[in-house]
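Structure, as structure tokens:
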Amino acid sequence: MKDLKILLDEDEMPRRWYNIQADLPVKLPPKLHPVTREPATDDDMLALFSRSLVEQEGAKNRYIDIPDEILEAYFRLGRPTPLYRAKRLENYLKTPARIYYKREDVSFAGSHKPNTAIAQAYYNMIDGSEGLVTETGAGQWGTALALGCSMFGLTCKVFMVRVSYDQKPARKTLMRLYGAEVIPSPSTLTQSGQKALAANPDHPGSLGLAISEAAETSLAAEKTKYSLGSVLEHVLLHQTIVGEETVAQLKQADENPDVMIGCVGGGSNFSGFSYPLLGEHIRNANGTRFIGVEPSGCPTLTKGEYRYDLGDAAGFAPLVKMYTLGHDFVPSPIHAGGLRYHGDAQSLSLLKNLGYVDAVSYEQLQTFEAGVLFTRTEGICPAPETSHAIKAVVDEAVKCKQTGEAKVIVFNFSGHGLLDLAGYEKFLNGELKNGNSS
């Protein structure tokens, strides 16, 4: 049964994060100050982020050691996480492909997000912060940061995109259990929120707007910093613990992946999972194909422009060169709230632009259908975000059936859907729609 469930012992868990910036073919374009449009300095970034994270954001060394305190928290969280072979799904599809999935749903918070939330809380604690403010879409990031703050004694305030706040009440309950204050965005507590509500009292919210509210709140509060769950390079760095473990597990299984797949909102899940092997591909052309999967309702990599844009709706965050739909873009209120961001991480955008990463998009009903299939074959209910990756996996496996190729397909099972059952209920009842309907 070893080929069904591949485990690492705790002493085999990687002790370093991998930094893709050491292997990029060209340097990342500089971040720009949102007002002056000149290259942002470390002092500019320190207005929002702790010093340790600002230093990691610009680090160029290939590996960064993980502090013992974070390693201990990772162990408590359930790391190393297992790699599973999806044999029941393979049999259902009658495909010669071998499908593997990395189980990031086994964390306390139910997703990959604590890998960076714990690290950010730790670094803010040692740098003297007393609290963190953030945004969240579906609630997975907000839950993870609330968990991280509870571990390291920080206060936590979360601005949750209003449509997800209404769709996923259990998420906000879990955040509150960890001690966080949860506020629907747009809110009346900030100028950013007030402006949005004045223009549209029924505004569904967006991650860009929630980021603005969180950043505005952080800038106005002493010893309180802003924390971001995706997009920035230090966030992607922390998530590479996933990819480093996956590399070790694939070696244990004597497998070389032909295709690596992950869903993409801002990029932390896909990048953390794929970057260690993608870096090897840049250095040695290992032949692996990397596919990012996004919703048709927010198609940044597939239909966005590669240009400089603000990271939030109000302009508190720096400008970065990325694939973007525009910082004022308001996506459809789909249930995959974690994939409703208008842009993507700098390094991911650069690698997509250079041809190292492919991207596909799917409609909501297609992804829920894939989620149901995975639940009925493998027995695990995926988050709506994760179901995007599963849909791409199914498509790749069906192609293998048609061609007879026995490809190795590996994807990141980024989170469970046990707090997303209202969406599945709508799907099963025939009430869920594509486009602009939730």
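For this structure, a couple of remarks:
- Region 373-438: chymotrypsin sites (Phe, Trp or Tyr not before Pro) in DSSP loop, at most 15 other beta carbons within 10 Å: none
- DSSP-defined beta bridges in the chain - what % are antiparallel, rounded to 5: 35 percent
- For region 1-61, averaging the sequence separation of C-alpha pairs within contact (under 8 Å, six or more residues apart) and dividing by the residue count gives a relative contact order of 31 percent.
- Taking every Cα-Cα distance in region 93-220 and sorting them into 10 Å bins from zero, the calculated P(r) comes out as 14, 39, 29, 11, 5, 1 percent.
- Taking 1.002 mPa s as the viscosity and 20 °C as the temperature, the Stokes-Einstein diffusion coefficient of region 337-438 based on its alpha-carbon Kirkwood radius rounds to 142 µm²/s.
- Sorted fewest first by neighbouring Cβ atoms within 10 angstrom, K113, K168, K407 come out as K407, K168, K113.
- Scanning the chain for GluC sites (Glu not before Pro) that sit in a DSSP loop and have at most 11 other Cβ atoms within 10 Å, the longest stretch containing none of them is 1-221.
- Over the chain, the ratio between the Cα radius of gyration and 2.2 N^0.38 Å evaluates to 0.90.
- Kirkwood Rh and Cα Rg combined as Rg/Rh, region 222-356: 1.00
- Normalised contact order of region 80-169, rounded percent, pairs of Cα under 8 Å and 6 or more residues apart: 24 percent
- Computed with the Debye formula from one identical point scatterer per Cα of region 218-257, without solvent, the log10 of I(q)/I(0) at q = 0.26 Å⁻¹ comes to -0.85.
- Residue-averaged 222 nm ellipticity for the chain, from DSSP H runs of 4+ at -39500 (n - 2.57), nearest 500: -12500 deg cm²/dmol
- Fraction of the pair-distance distribution of region 59-129 above 20 Å, Cα-Cα pairs, percent: 49 percent
- Among the trypsin sites (Lys or Arg not before Pro) in region 66-153, those placed in a DSSP loop whose Cβ has at most 11 other Cβ atoms within 10 Å are K94.
- Other residues within the sphere of radius under 13 Å centred on the Cβ of Y306, judged by their own Cβ, net out at +1 (K and R +1, D and E -1).
- The distance separating the Cα centre of region 262-303 from that of region 371-422 comes to 16 Å.
- When the convex hull of its Cα atoms is viewed from all sides, region 5-55 shows a mean projected area of 6.5 nm².
Laboratory data are not the source of any read-out in this text; all were calculated from the coordinates shown. All values reported here derive from a predicted model rather than from experimental measurement. Cβ coordinates were reconstructed from backbone atoms using ideal geometry, including for glycine residues, and neighbour counts include every protein chain displayed.
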